Structure formats: structure tokens, C-alpha cells
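Participant: First, the structure itself, so that you have it in front of you.
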Amino acid sequence: YRYFDMDGCRQVVYSWKLVERDRMPPGKKDDLSLREKERQIERDMEDSIKTGRDAKITLNQMFETYMTGKISLKQSTRTNYIYMYTHYVQDGFGKKLLNSDVKAFYNSLIVEKGFKANSMEIINTLIHPALTLAVRDGYIRFNPSDGVMMEIKKSHQWEKTHRHALTIEEQS
């Protein structure tokens with residue numbers, strides 16, 4: 001299927017199947033049929049969602065765009081954000097496309113790295129606005145991180161502990 005994207009560049013999409021009911025040739029990876037891809041592209045173009053090469057943006061690229069726009073951050077906050085992103089997101093999940101499974105990534109951080117609620121909040125503070133920017137800029141239709149942090153908190157029964165001020169005697 002050939003089409004012109006929103007920038008006027010010619011794009012081409014291939015599939016081993018013409019319609020849904022066609023069988024895949026042996027040894028080929030299952031994929032959408034050409035007609036399904038065609039409908040998806042037309043829907044994306046109607047909704048001003050980027051298609052073709054423009055749609056192949058990664059979370060790393062979107063995070064870089066997001067951080068470039070955050071000029072009002074204190075230097076210590078910016079340093080902390082960049083540290084958390086480069087150490088826990090960039091080399092793995094950051095290389096994936098924008099519509100990847102955020103909940104599975106968050107769960108992997110909790111299980112494999114032993115993340116607690118505050119650390120997960122920082123990671124969510126980095127990923128969620130970057131994906132919101134991607135929605136605004138037309139790279140994806142919806143933010144895959146919407147509501148995920150609330151689900152994680154419920155599933156791991158994280159509740160905020162009430163802090164109380166120390167008395168003078170407790171301080172000394």
C-alpha cells in the first residue's frame with residue numbers, strides 16, 4: 001500500500017496477507033493484513049497522528065524533547081531526573097516505541113530492582129509527561145501511562161504513611 005504522509009513524503013507498507021482471513025506463509029511472523037494496515041493509516045491521518053517514519057519515535061527521543069522544553073527546573077531537580085532516567089529507563093524501556101506497555105515496565109522495576117513508592121513516583125514523573133507531550137504532538141493517540149501509577153499503588157498496597165513532627169526531646 002502506497003500513500004503520502006502529512007509531510008507529503010511517499011510511504012510504503014507491506015504485509016504477507018491481503019485480508020484478515022488469509023493465511024500467513026510458513027515461517028513468517030504474524031502481522032496485520034494489508035487492508036487492516038490501510039484502515040489504521042487512514043484513521044491516523046484523519047486524527048492527525050503521525051505515520052510512517054515519523055511514528056517510529058522512541059521514548060528516549062521524546063524524553064529528550066520534553067527535557068529540552070523544561071527550562072524552569074532547578075539544576076538539582078534536572079540532575080536527579082536525568083540520573084533516574086539514564087540509570088533505569090534509557091537503555092531498556094527508553095529504546096522502545098511510544099506505545100509500549102508502561103505497566104509491565106513499572107512492575108519489572110518493582111520486582112527486579114526492588115523499587116518503592118517514591119522511586120516509582122519519580123520514574124512516573126519522567127515518563128508520563130513525555131508521553132503526554134507525544135499525544136499533544138500527534139505521535140500517539142493516547143497516553144499509555146494514564147492511570148498506571150494508581151493501578152500499581154493498589155496492586156502493591158502502597159499507602160502514604162502519615163509523618164509526624166518530632167518533639168524537642170525526640171530530636172535531641
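The values are calculated or read from the model by the stated rules, or taken from the named source; none is laboratory data. Everything numeric in this text was worked out from a predicted model, so none of it was measured. Cβ placement follows ideal geometry from the backbone for every residue including glycine, while neighbour counts extend to all protein chains displayed. These accessible areas exclude ligands, DNA and RNA; they are computed on the full protein's heavy atoms, side chains included. Shrake-Rupley method; radii C 1.70, N 1.55, O 1.52, S 1.80 Å.
Participant: Under 9 Å between Cβ atoms, at least 6 apart or on separate chains: pull out the pairs that start in segment 123-148 with a residue that is closer than 15 Å to K70 by Cβ and without any contact (Cβ under 8 Å) to a residue 40 or more places away in the chain and end on any residue that is surrounded by fewer than 18 Cβ atoms within 10 Å (Cβ to Cβ) and of a type in the set (D, E, K, R).
Facilitator: Note: pairs meeting the criteria are H128/D146; T132/D146.
Participant: In addition: Is there any pair linking a residue in segment 31-52 that is surrounded by 17 or more Cβ atoms within 10 Å (Cβ to Cβ) and acidic (D, E) to one that is modelled with pLDDT under 85 and assigned to a loop (DSSP other than H, G, I, E, B), with Cβ under 8 Å and at least six apart or on different chains, and which?
Facilitator: Partner pairs satisfying both residue conditions: D44/K50; D44/T51; D44/R141.
Participant: To continue, here is another question. Give Y14, Y3 a once-over and let me know the one that is surrounded by 13 or more Cβ atoms within 10 Å (Cβ to Cβ) and in contact (Cβ under 8 Å) with a residue 12 or more places away in the chain.
Facilitator: Criteria check complete, one pass: Y3.
Participant: I would also like to ask the following. Output the number of residues of segment 73-102 satisfying the condition of being under 14 Å from T125 (Cβ atoms), in contact with a Ser or Thr (Cβ under 9 Å, 6 or more places away or on another chain) and of a type in the set (A, V, I, L, M).
Facilitator: 2
Participant: Within segment 110-123, does at least one residue satisfy the condition of being part of a loop (DSSP other than H, G, I, E, B) and open to solvent by 30 Å² or more (accessible area, probe 1.4 Å)?
Facilitator: The first filter runs over segment 110-123 and keeps only residues part of a loop (DSSP other than H, G, I, E, B), leaving 114-116.
Filter once more, keeping what is open to solvent by 30 Å² or more (accessible area, probe 1.4 Å): 114, 116.
Yes, segment 110-123 contains at least one residue that is part of a loop (DSSP other than H, G, I, E, B) and open to solvent by 30 Å² or more (accessible area, probe 1.4 Å).
Participant: I need the full set of residues from segment 71-105 which are aromatic (F, W, Y) and open to solvent by 100 Å² or more (accessible area, probe 1.4 Å), in order please.
Facilitator: Residue satisfying the conditions is Y83 alone.
Participant: Within segment 20-64, can you find the residues that are hydroxyl-bearing (S, T, Y) and either at pLDDT 85 or above or part of a helix (DSSP H, G or I) (or both)?
Facilitator: S33, T58, listed by residue number.
Participant: Shifting gears a bit: With in contact (Cβ under 8 Å) with a residue 40 or more places away in the chain and hydrophobic (A, V, I, L, M, F, W, C) as the only criterion, which of A117, A104 stands out?
Facilitator: A117 is the lone residue from the list that is in contact (Cβ under 8 Å) with a residue 40 or more places away in the chain and hydrophobic (A, V, I, L, M, F, W, C).
Participant: Only one of these is within 30 Å of M45 (Cβ to Cβ) and either touching a residue at least 40 places away in the same chain (Cβ under 8 Å) or under 12 Å from the mean Cα position of the chain (by Cα) (or both): Y66, Y85, Y81. Name it.
Facilitator: Going through Y66, Y85, Y81 in turn, just one is within 30 Å of M45 (Cβ to Cβ) and either touching a residue at least 40 places away in the same chain (Cβ under 8 Å) or under 12 Å from the mean Cα position of the chain (by Cα) (or both): Y66.
Participant: So, one more: Does any residue of segment 139-150 turn out to be outside any helix (DSSP H, G or I), closer than 12 Å to M62 by Cα, open to solvent by less than 40 Å² (accessible area, probe 1.4 Å) and not basic (K, R)?
Facilitator: Yes, segment 139-150 has at least one match.
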